[in-house]
Amino acid sequence: MAAWEQSGIIARELAYYKALSKYIGPLSFISYGDHPETEKRLLNQYIPDAEIAWVRPSFFSRIPSGLFLSSFLPPLDIKRFQSIQCIRTNQMSGAWAGVKISHQLKKPLIIRCGYLLSRSTLLEKEASQIKKKLLVYLEKWCAYRSDAFIVTYAKAKQFLEKAYHIPSEKIWIIGNPIDMNVFSPLDQPTSRIRDILFIGRFTHQKNIPTILHTCQKANVTITLLGKGPLKKEMVALAESLNIDAHFIDSMPNAKIPGLMHSHRIFMLASHFEGNPKVLLEAMSCEKPCVVSDIPEHHDVISHEKEGLISKATPEALCQAIQTIKNFPDIGKALGKQARKKIQQEYSLESNALKESRLHQILKTPA
């Protein structure tokens, strides 16, 4: 909870669990923070009746790979979980703790992954071969032992069926939930508005050099929010291209809607994605979005209906930018359709209701 708060995303992460708890009952959390009182205080600010069932021993915050190693500890303290009726993971990372707890208590296990840990790690150039092999093994081991899987996009379901032979009926597609009260349309400011906004990790996956070259070609301003191993390199590239680029390390999630509304266009040129939450948030704010031509973006956006899908080249992306800049009515129409899509498929309530049906199925005796 403390890490979520420091990153400015605690409200975003807990809003969905608050909505879900209305349908499935009180929640208990395993947390990898190491200050129990702080973790419980932060949690109860958002979900008053929720509990912290386990926290990481402080020793593990002081050793190399302590976070990863501590993820194997919760099942050793099984007495803390005796009242639990169902185990549900937040992501695939750390799901192995849920597998062991589920086995010991003989309770159903739901593994939820917003992105496929193995695929994301395999495609990251920065990850070591040992890390890649270990995470693929752990993901496969967890997948075989789950009672149900929640994924956020169709390609993830196809991967699980083909690679791990998970039965189709065990896999539920429920996209990332969006708080539409927070991410809502506002009147754009009449002054100091910038052109392009990018939000995300500074990694190879996000294809940021292409975005910067696009901005040079289109002669537009850009703001980039995020951290990552390639950030210094991207700052240097922006300077060498002599473009008006503003870099921000972090921002509380509640302030991001204001940032979005001070920009004309939201852009992602990723090589691959999961179900990109920041794109859904931009769509909920009625921002016209320009995204790369990859399957995961097609899952979210219909071209020329809820956004523009383009080849990830400076020439093609530049043309999409100019379309929205030169024809503001097109941008407004795209934004309105985008928010309608979020309302229908990604709102907190719609997602919580979908997931509650899964919980009910697993709790009902065969």
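We did not get these values from a lab; they are worked out from the coordinates using the rules stated. What you see is a predicted model, and the numbers here were worked out from it, not measured in a lab. In this analysis, Cβ positions are derived from the backbone assuming ideal geometry, glycine residues included, and neighbour counts consider all displayed protein chains.
Bridges between two residues of the chain, per DSSP, are antiparallel at a rate of about 0%. Dipole size of the stretch 194-345 about its Cα centre, with +1 on Lys/Arg Cβ and -1 on Asp/Glu Cβ: approximately 300 debye, rounded to the nearest 20.
Of all lysines in the structure, those lying under 17 Å Cα to Cα from LYS133, and not within fewer than 8 positions of it along the same chain, are LYS125. In a reduced charge model with +1 at each Lys and Arg Cβ and -1 at each Asp and Glu Cβ, the stretch 272-366 shows a dipole moment near 300 debye about its Cα centre.
Looking only at ILE208, ILE342, ILE130, which one moves most when the chain is put into a Gaussian network model with springs between Cα atoms under 10 Å? Per the Cα network of the chain with a 10 Å cutoff, ILE130 tops the list. The eigenvalues of the Cα gyration tensor, multiplied by 5 and square-rooted, give the stretch 269-309 an equivalent ellipsoid with semi-axes of 14, 12, 8 Å from largest to smallest. Net charge dipole, the chain: roughly 760 debye, given to the nearest 20, about the Cα centre with Cβ charges of +1 for Lys and Arg and -1 for Asp and Glu.
Note on LYS340: aspartates and glutamates with a C-alpha under 14 Å away, same-chain residues under 8 apart excluded, are ASP179, GLU281, GLU286, GLU306.
Amide H contacts of ILE178: SER347, LEU348, each under 5 Å away and 5 or more positions distant or on a separate chain (H built 1.01 Å from N in the peptide plane; Pro and chain starts excluded).
Comparing mean-square fluctuations of GLN85, GLN216, GLN129 from a GNM of the chain with C-alpha springs under 10 Å, the top value falls on GLN129. Cross-link partners for LYS40 among the aspartates and glutamates, with Cα-Cα distance under 18 Å and sequence neighbours closer than 8 places in the same chain left out: GLU5, GLU13, ASP49, GLU51. With q set to 0.11 Å⁻¹, the log10 of I(q)/I(0) for the chain, from the Debye formula over equal scatterers at the Cα positions, is -0.80. When the charge dipole of the chain is built from unit charges on Cβ atoms (+1 for Lys and Arg, -1 for Asp and Glu) and taken about the Cα centre, the candidate among MET251, LEU76, GLY331 whose Cα reaches farthest toward its positive end is LEU76.
Structural descriptor for the chain: relative contact order 16 percent, calculated from alpha carbon pairs under 8 angstrom and at least 6 residues apart. Springs between Cα atoms under 10 Å define the GNM used for the chain, and in it the highest mean-square fluctuation of GLU315, GLU281, GLU13 occurs at GLU315. The phi torsions of the stretch 257-272, fed into the Karplus equation with coefficients 6.51, -1.76 and 1.60 and a -60° offset, translate into couplings of x, x, 5, 4, 6, 9, 10, 7, 9, 9, 9, 10, 10, 4, 6, 7 Hz, rounded to whole numbers, with Gly and Pro shown as x. Using alpha carbons only, how many angstrom separate the centre of the stretch 244-261 from the centre of the stretch 321-342? Their Cα centres are 20 Å away from one another. Where in the chain are the DSSP H helices whose C-alpha atoms run 20 Å or more along the long axis and whose mean Kyte hydropathy is at least -1.0? For the chain, where a helix must reach 20 Å along its axis and average at least -1.0, the hits are 10-24, 129-145, 348-363.
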